[in-house]
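Shown next, in structure tokens, is the structure this report addresses.
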Amino acid sequence: MLFFERPCTELWRMISKLKLALNALLHLVYPRQCLFCSWDLLHFEEVICTHCKVELPRAFPFLVHPQMKKVFFGRCDFHQLIVGYKMEKTGIIRELMHALKYRQHPEVGQALGKSWAMAMKNSCGTLPWDVIVPVPLHPDKFKKRGYNQAEEIAVGLSEAWNISVSKDVLIRRTNGVSQTFQNRWIRNSKSDNPFGIAKGEALANLRVLVIDDVITTGATLVQCYDALKEIPGIKISFGALAIPVHNRIVV
Ligand SMILES: [Zn+2]
């Protein structure tokens, strides 16, 4: 037994040393930099440096965020509502969310998702969901951007929590009208809802966490709720990576 164990350990040690050397070489040729402060990243850092990571403005890790609860008051009967970070008008989260959505940096979603997930796990322990459902992009928009930012965030959460991601049940049929300045009390009829369900039985009797990048009026998540609630026994919770601190909710 020992005869086999020792060469194996030596081999792994050599492989990890080789990996470190290759990373150092790669860094010389193609230096990785922090997306916010442009400081060179160390081999174990992803997307942002440790200093910037410590400075991230975390929202309190509530299972039902009190400020955002008000946004959905009287509109739908969700279970939990979690939020990752506070987004000021300028600053690190605003910058990173812009890079994720408009500057072709899908890795920001996974890195921030993972960091948020670890903070939630440390403070809440066991998490009350069976599956994560990212808010889908319309296929045309997906083709143009090349990725869905909500899906990237969901992957980051999934890796840290070991909970699967469902991408095929909640679907987007149309692009829909931008909800940003729409009165939050306006409810679309079922035929106006850009979201629909395909093979909904896959989520029957499950506790589902619907993930979006940012919550502003909450209209998108309410539309997702309206589509998903048709599935028997489903329990729906909401999550968003960031909320604007100066949220201009249209009431
Ligand atoms: Zn930095």
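Which members of segment 45-72 meet the condition of being out of contact with any Ser or Thr (no Cβ under 8 Å at 6 or more places or on another chain), assigned to a helix (DSSP H, G or I) and either among the small types (Gly, Ala, Ser) or modelled with pLDDT under 90 (or both)? Across segment 45-72, the qualifying residues are Pro66, Gln67, Met68, Lys69, Lys70. Of all residues assigned to segment 98-112, at least one qualifies as being in a helix (DSSP H, G or I), free of Cβ contacts under 8 Å to residues at least 12 places away in the same chain and not aliphatic (A, V, I, L, M). Residues that are surrounded by fewer than 18 Cβ atoms within 10 Å (Cβ to Cβ), of a type in the set (Ser, Thr, Tyr) and in a helix (DSSP H, G or I) occur at least once in segment 118-129. Using the structure shown, decide if Val108 is out of contact with any strand residue (DSSP E or B) (no Cβ under 9 Å at 6 or more places or on another chain), aliphatic (A, V, I, L, M) and within 15 Å of the ligand (Cβ to nearest atom). Spelling it out, Val108 is indeed out of contact with any strand residue (DSSP E or B) (no Cβ under 9 Å at 6 or more places or on another chain), aliphatic (A, V, I, L, M) and within 15 Å of the ligand (Cβ to nearest atom).
If the condition is being closer than 16 Å to Ser237 by Cα and of a type in the set (S, T, N, Q), then segment 124-172 contributes Thr126, Ser158, Ser164, Ser166. Among the criteria (1) within 16 Å of the ligand (Cβ to nearest atom); (2) under 23 Å from the mean Cα position of the chain (by Cα); (3) assigned to a loop (DSSP other than H, G, I, E, B), the one Cys76 does not fulfil is (1).
Taking segment 46-73 as the range and being crowded, with 18+ Cβ neighbours inside 10 Å and either more than 15 Å from the ligand (Cβ to nearest atom) or more than 18 Å from the chain's Cα centre (by Cα) (or both) as the test, the residues that pass are Cys49, Cys52, Ala59, His65, Met68, Val71, Phe72. Taking the condition within 30 Å of Cys224 (Cα to Cα), within 15 Å of the ligand (Cβ to nearest atom) and either among the small types (Gly, Ala, Ser) or surrounded by 10 or more Cβ atoms within 10 Å (Cβ to Cβ) (or both), does Ile93 pass? Yes, satisfied.
Per the listing Leu42, Leu35, the residue uniquely part of a loop (DSSP other than H, G, I, E, B), within 16 Å of the ligand (Cβ to nearest atom), crowded, with 16+ Cβ neighbours inside 10 Å and hydrophobic (A, V, I, L, M, F, W, C) is Leu35. Please specify each residue of segment 217-251 satisfying the condition of being among the acidic types (Asp, Glu) and assigned to a helix (DSSP H, G or I). Correct list: Asp226 only.
Any chance you could count how many residues in segment 195-216 are farther than 22 Å from Glu152 by Cα and in a loop (DSSP other than H, G, I, E, B)? So the answer is 3.
The values are calculated or read from the model by the stated rules, or taken from the named source; none is laboratory data. Because the structure is a prediction, the values reported are computed rather than measured. Every residue, glycine as well, gets a Cβ built from its backbone with ideal geometry; the counts of neighbours run over all protein chains shown.
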